[in-house]
1. Anything in the range 206-216 that is over 16 Å from A162 (Cβ atoms) and either touching a helix residue (DSSP H, G or I) at 6+ places or on another chain (Cβ under 7 Å) or among the charged types (D, E, K, R) (or both)? List them, or say none.
2. Any residue in the range 60-85 that is closer than 27 Å to R113 by Cβ sitting within a Cβ distance under 9 Å of a residue that is modelled with pLDDT under 95 and among the β-branched types (V, I, T)? List the pairs, counting only those 6 or more apart or interchain.
3. For residues in the range 268-279 being in a loop (DSSP other than H, G, I, E, B) and either on the phi > 0 side of the Ramachandran plot or charged (D, E, K, R) (or both), which is surrounded by the fewest Cβ atoms within 10 Å (Cβ to Cβ)?
4. For residues in the range 145-160 being in a loop (DSSP other than H, G, I, E, B) and in contact (Cβ under 8 Å) with a residue 40 or more places away in the chain, which is farthest from R216 (Cα to Cα)?
5. From (1) at pLDDT 95 or above; (2) of a type outside the set (A, V, I, L, M); (3) under 23 Å from L127 (Cα atoms), pick out the condition that doesn't hold for P164.
6. Looking at the range 315-322, is at least one residue small (G, A, S) and either surrounded by 19 or more Cβ atoms within 10 Å (Cβ to Cβ) or under 14 Å from the mean Cα position of the chain (by Cα) (or both)?
7. In the range 105-125, which residue that is over 9 Å from the mean Cα position of the chain (by Cα) and among the basic types (K, R) is surrounded by the most Cβ atoms within 10 Å (Cβ to Cβ)?
8. Is there a residue in the range 75-92 that is over 20 Å from C144 (Cα atoms), at pLDDT below 95 and charged (D, E, K, R)?
Amino acid sequence: MTEKKKSPAGTYDVIVVGGGAAGLSAALVLGRARLRTLVVDAGEPRNTPSEHMQGYLTRDGMAPAEFLALGREEIARYGVELVRDRVIDVSRDRAGAGDAPFAVRLAGGAGARARRLVVTTGLRDELPAVPGVAERFGRDVLHCPFCHGWEVRDEPFGVLAAGPQSVHQALMVSRWSADVRLFLHTVAEEELSDDDLRRLAAAGVGVVPGEVAGLRIEDDRLTGVRLADGATHDRTVVFVAPKAVPQTGLMERLGAEFQETPFGAYPVVDPTGRTTVPGVWTAGNAMGFAEQVVHAASGGYRAATAIVGDLLMSDLDTAVAE
């Protein structure tokens, strides 16, 4: 695919903010529907640290970068434009903008307008401040057993607790290994309920109190978890639960309504990803936590089909009124 070298210009039917699975999936549908579409991609996919993605039918084991490259090639077949840049501002004009109320400004200085907008800016993972965790994330420090469990099956697992909810993670990963230890870290033992302790025991999960001071790395491999008291537990895989931080800045500027969830504040949407801002849709991790790649792609597809119908009815209503 030849990416757009010059700055975007003029008016598009749809501008898609974000070039991950959700954004590219939406762009593919929009392009095939013969809508002039622009994708603005800052090039910061969430799964960059991972060497492979799993659980996506026909793409199981593919490198994330290869997956996105194929997606960019596919949207180019249908005339979709893609520019490598970052959207730094977006506004919706209620008057004087005609049929294209959305004004998008890019970090490179260019601007463009659109009739509809799809925001797929995703989220970022805020990792525990334990030495070694950030450096090993996506390699042998993992967060999703469905994404990585098979590849590390039967290895000795550690689970770094971020709160009582980490009990669920420890129980879940025990499906892939019989040797699991839950490191309580900053969680007090009394914060675990009797039911938690019974389930952990039934699953064969060991509970290790005490703060984690760091990871032991040897020959560029994780080999253990080191506690503040000096004790080290041999582990080759550690699961963590990053704090999900939705990238909601653009949605906030547009005045979208948000709802609080256990995983943060996300836009209020209908089943297609339509937000409370007329003409704006969202998909992927920008609209909810724990969107796997396949879920994100599906969400982009749903949003795009809704937009195609929305623009069609808008055009027909205008024609009838004339």
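1. Result: R216, single match.
2. As it stands, the answer is A76/T2, since those pairs meet every condition given.
3. D270
4. Across the range 145-160, the extreme among qualifying residues is E155.
5. Only one criterion is unmet by P164, namely (1).
6. no
7. R116
8. yes
The values are calculated or read from the model by the stated rules, or taken from the named source; none is laboratory data. Model, not experiment: these values are computed from the prediction. Methodologically, a virtual Cβ is constructed for each residue, glycine included, from the backbone with ideal geometry; neighbour enumeration extends over all protein chains shown.
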